[in-house]
Each structure stands twice: as structure tokens, then as C-alpha cells.
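The values are calculated or read from the model by the stated rules, or taken from the named source; none is laboratory data. Note that the coordinates shown come from a computational prediction; the quantities given were computed from them, not determined experimentally. Every residue, glycine among them, receives a Cβ derived from its backbone with ideal geometry; neighbour counts consider all protein chains shown.
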Amino acid sequence: MSSASSARKVAVITGTNSNLGINIAYRLLEEVPSDERLTIVVTSRSLPRANEVIAKIAEYNANVTKRESILDFDYLLIDFSNMVSVLNAYYELTKRYTEINYFYVNAAQGVYAGINWLQATKDVLINPLEAVTNPTYKIQRVGVKSKDGMGLVFQANVFGPYYLLHKIKPLLSNGKARVIWISSIMSDPKYLSFNDLQFLKSDSVYESSKRSIDLLHVATYENLRNQNITQYLVHPGIFTSFSFFEYLNVFSYYGMLFLFYFARLLGSPWHNIAGYKGANSVIFASLKANPEEGDTQKLKYGSATRMNGDEYIKATSISDPSGAADVLKYLNELTAEWDEKLKDQILETRKF
């Protein structure tokens, strides 16, 4: 793939084959001005999955958006839980591009083991809105490590993406990039222990990773702004996610949908339900938000939906940002450690 030109926009979407990831791509097709050449870089762990999602995005363009300008697709094979794979992604991006304009950190690795149905039933009966907004009945495995010896969810959702961004910073700076970290409404301070920054003792590992992302954003956005990189923190609200379907049957799936719509009727702004609506805040932050006109980077921007289904952006403060410097210090120490470990490592994984 040739280097980017000034008339071209390059967007890298991690987790593109997820419900949220593919809808980010769809909305980019709609929102990036149609007279601009757009290159969407799909990421995946395998080539067949990358080709599958590229075909879906191309079909959406052919049938829905019908962009007038050139639309390119590229792929990046990457496994964020494998540091050699992350390093190879860095080599690939620097070889193919001189600038990147949008980078979406949509890593959402989980270590789910099922649902505590007794607890779920109890929670729904006592407080249905809370039960489908801040669920406590998802069972997550504790102490799962990657082959690199780090906490799996920590590496896949936090450190792997952070390390890649660290390596490609010159490309992001050249492209005056928007970097969008995708967090969650479930990123309360209670989920992160500063004595367990790889979440190995946590039974809420996914939420721990999202809290860590919140603090990482707080610690880095100002410095990045001085390097021509604009970083925003967003969350997609609540929507149907492919990652949890294996634990639902047809009855529990439609029961979940019913409760989601019921929550919206009760006044919840966060039950977007559709991945397309969930991607609203992501696109807002990357294409529409203006730090100079009040869209401060100090806030978290959420995808929200009114009772009638109309979507909008709802900004919230980041809960208790204390400890952000500690998270950044830990990640930078780990970055230096892995720079040393990987300094002689070169791997070619791109397949044609």
C-alpha cells in the first residue's frame, strides 16, 4: 500500500470485526467527506476474518453510502496479547504509511466464564434498570495470563494498544491524528487496584481494563496535544455485543433485548441497543469534536439515546482521576522493558 497523501485519510480500527468496530467503519463511510480518499485499515488476528469484514464494509458502501471518492481497504494482522505481533504491526504500518489520521482503540478482550443466572434473576426483580446498566452477574475468570506472562486482559485492552501507539507516534503526529480510546460506562474507580495493575487478582477484569484506560487518557492527552495528536475518551453505552452471545439462548437473548428497551423507557440514556448508535460517540470524537470550541478532552463522551430512539452525545466527568500518573508510570516502565526485549525481533506475518 502506498504512502498517504494530503488528500487521503487513513483510519485504523482495532477490533473491526466486532459489532462496534464494524459500525465505526460504516459511520466513517457516511461521515468522512465524500470527496476525500478514505483508507480503512481493518485489524484482525486472522486473514479470513479480515477479508470477511472488508467484504461487509465494501458491501455497505456499495448499497448504502456509495462514496464518490476512492475507498481503499487494507488489513493488519495483530494479536494484542502477543507482543511480537504488536511489534510486527508497527513495522507493517511504518512500511506502508507516512501518516495515520484516525486510530480507534476498540480492544475488548474478556475472560468470561458464563452468567450467574440466580444472581441475574434476583437483580432484575429487585432493580431492573440497575441490572441491565451495571450488571454484576457476569462471571469472569481470575488470574488469566497471556503467553507473554502478562495479565491477558491488561495486555490485550491496555498495554498492547498503548505500546503500538507509542511506536507509531511519528505517523500519528504527521497525520495530526485523532486517537480514540473506547472505554465503558462500567469503569468505576472501585474496579482498579493500584497493587494489581495487571488485574490478575480482579474478578471484574474487563471493567478494570476500562478504568485503567480512563486514567491513561487523563495522564496522556495534554502531552499528545503538544505533538499534534488529539486524543479523546469515549464509551458506546450499552448495545448488543457479539462477545457474549455464546452464553445466551433464544429466550435469554430476546429477554435481554426486552429489558434494554424497558430500561430506555424508564429513562436510561445509555441503552443504545444497536451497535450503530453505540458508534455515535466514537465518530463524534474523531470527526466533529473541537477542543477549541468547548469539546474539552477532560470529559468522557458517551453514545446516548432518547426514549424515542433519537441518538445524541452525553458528556460525563471522569470519576476520580487520581492515580493517573501511577498508571502512566507503570505503562512506561513496561514499555521500556519490552523495547529492550524486542529490540532484535523482526517478524513478517503479512500473507497474500
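In segment 296-331, of all residues being more than 15 Å from TYR232 (Cβ to Cβ) and hydroxyl-bearing (Ser, Thr, Tyr), the one that is surrounded by the most Cβ atoms within 10 Å (Cβ to Cβ) corresponds to THR305. As for segment 278-294, it holds no residue that is surrounded by fewer than 21 Cβ atoms within 10 Å (Cβ to Cβ), at negative phi and in contact with a His (Cβ under 6 Å, 6 or more places away or on another chain). For THR220, the requirement of being among the hydroxyl-bearing types (Ser, Thr, Tyr), surrounded by 17 or more Cβ atoms within 10 Å (Cβ to Cβ) and in contact with a Pro (Cβ under 7 Å, 6 or more places away or on another chain) is not met. Residues that are of a type in the set (Ser, Thr, Tyr) and buried (at least 16 other Cβ atoms within 10 Å of the Cβ) were ranked within segment 40-89; the one that is nearest to GLN155 (Cα to Cα) is SER81. Criterion applied to TYR162, TYR191 was being touching a strand residue (DSSP E or B) at 6+ places or on another chain (Cβ under 9 Å) and among the hydroxyl-bearing types (Ser, Thr, Tyr), and the one residue passing it is TYR162.
Of (1) in contact (Cβ under 8 Å) with a residue 12 or more places away in the chain; (2) under 30 Å from GLU99 (Cα atoms), ILE238 satisfies all except one. Which? All conditions pass for ILE238, except number (2). Taking the listed residues LEU152, LEU164, the one that is touching a residue at least 12 places away in the same chain (Cβ under 8 Å), over 29 Å from TRP270 (Cα atoms) and under 17 Å from the mean Cα position of the chain (by Cα) is LEU164, with no other qualifying.
For segment 45-102, give me each residue that is in contact (Cβ under 8 Å) with a residue 24 or more places away in the chain and among the β-branched types (Val, Ile, Thr). Listed by number, the residues that qualify are VAL53, ILE57, VAL64, THR65, ILE70, ILE78, VAL84, VAL86, THR94, THR98, ILE100. So for segment 3-17 (the condition being touching a Pro at 6+ places or on another chain (Cβ under 9 Å) and more than 30 Å from SER212 (Cα to Cα)), does at least one residue qualify? No, segment 3-17 has no match at all. Scanning segment 95-112 for residues being modelled with pLDDT under 95 and in a loop (DSSP other than H, G, I, E, B) gives a total of 5.
Answer yes or no: is there a residue in segment 229-241 that is part of a helix (DSSP H, G or I), over 21 Å from LYS288 (Cα atoms) and not basic (Lys, Arg). No, segment 229-241 has no match at all.
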